[in-house]
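Down below is the structure, laid out as structure tokens.
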Amino acid sequence: MNNSWLSKIMVLAMSIAPLLSFNSSVEAQTKKNVYSCINHQGKPSTVVDTDKGRILLIVWESDFFRGSGWTPQKRCEEVTKRFQEFSDNKTLRYLTTGKMKGQNVICVGTPIGGSAYKCLDNGLLLTLEGRNDNPNEVLQNLFQATRSSSNFLRRTGNRYAFEFDKFIDEAPVISQPSIPDTSIPQISPPAITPNPQSEPQKENSDCPPLFCD
């Protein structure tokens with residue numbers, strides 16, 4: 001193999017390797033959970049796509065607010081959007097219960113000392129259906145699609161807190177993630193321009209070879 005050609009291939013490979021490593025690092029740092037409202041077994045459902053696969057969170061079945069326009073589909077879309085926003089701003093660690101505008105709510109919680117939690121000021125996730133609904137019971141049953149959800153509930157005084165981040169880490173998946181193509185792209189060898197000095201001298205077509213000295 002021509003040493004000049006081999007050295008060019010080695011230089012090209014060395015220049016590409018750091019770029020591949022950098023792209024992999026950036027992809028790992030920007031990877032995030034993606035929340036979606038989908039039709040799962042004929043019902044609007046909130047799911048989250050993670051590194052390990054798709055997790056079913058909430059199946060929306062109630063028609064309580066349909067008269068005001070809040071159909072199960074619309075509630076699914078709105079609450080799913082809130083899940084994504086809280087996930088993106090890194091506050092989606094705990095869920096708890098509280099009151100906002102006089103209504104019982106499920107909200108994104110934050111620790112306030114000891115084992116107590118409170119709703120974040122802008123942490124509304126879900127408004128409960130009626131004033132008489134028990135928010136603790138709703139929180140306990142919110143993720144009933146996953147049997148292990150009760151393992152992440154913590155009693156804090158007269159309310160519960162749900163360890164959502166740990167739940168995501170351990171919850172079973174309903175489908176596996178797609179496997180990206182990690183094959184190394186084939187690199188064509190660079191075109192090598194022949195050295196003019198090494199080329200045989202071309203014959204001049206204007207005169208016979210004997211006279212082109």
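The values are calculated or read from the model by the stated rules, or taken from the named source; none is laboratory data. Worth saying up front: this structure is predicted, and the values here are computed from it rather than measured. Cβ: placed from backbone, ideal geometry, glycine included. Neighbour counts: every protein chain shown. In case anyone asks, the SASA skips ligands and DNA or RNA and just uses the protein heavy atoms, side chains included. Shrake-Rupley method; radii C 1.70, N 1.55, O 1.52, S 1.80 Å.
Quick notes
- Residues satisfying the stated conditions in segment 83-99, i.e. in contact with a Gly (Cβ under 9 Å, 6 or more places away or on another chain) and either under 14 Å from residue 36 (Cβ atoms) or part of a helix (DSSP H, G or I) (or both): 86
- Within segment 48-70, considering residues that are among the polar types (S, T, N, Q) and open to solvent by 40 Å² or more (accessible area, probe 1.4 Å), the one modelled with the lowest pLDDT: 68
- Subset tally (residues that are more than 15 Å from residue 35 (Cβ to Cβ), touching a residue at least 24 places away in the same chain (Cβ under 8 Å) and not hydrophobic (A, V, I, L, M, F, W, C)) for segment 64-79: 2
- Single residue of 198, 175 found to be hydroxyl-bearing (Ser, Thr, Tyr) and modelled with pLDDT under 75: 198
- Hits in segment 141-172 (condition: at pLDDT 85 or above and in a helix (DSSP H, G or I)): 152, 164, 165, 166, 167, 168, 169, 170
- Selection within segment 100-122 - among the basic types (Lys, Arg) and at pLDDT 90 or above: 118
- Scanning segment 75-105 for residues being within 23 Å of the chain's Cα centre (by Cα) and β-branched (Val, Ile, Thr) gives a total of 3.
- From 79, 108, 138, residue being part of a strand (DSSP E or B) and either surrounded by 13 or more Cβ atoms within 10 Å (Cβ to Cβ) or hydrophobic (A, V, I, L, M, F, W, C) (or both): 108
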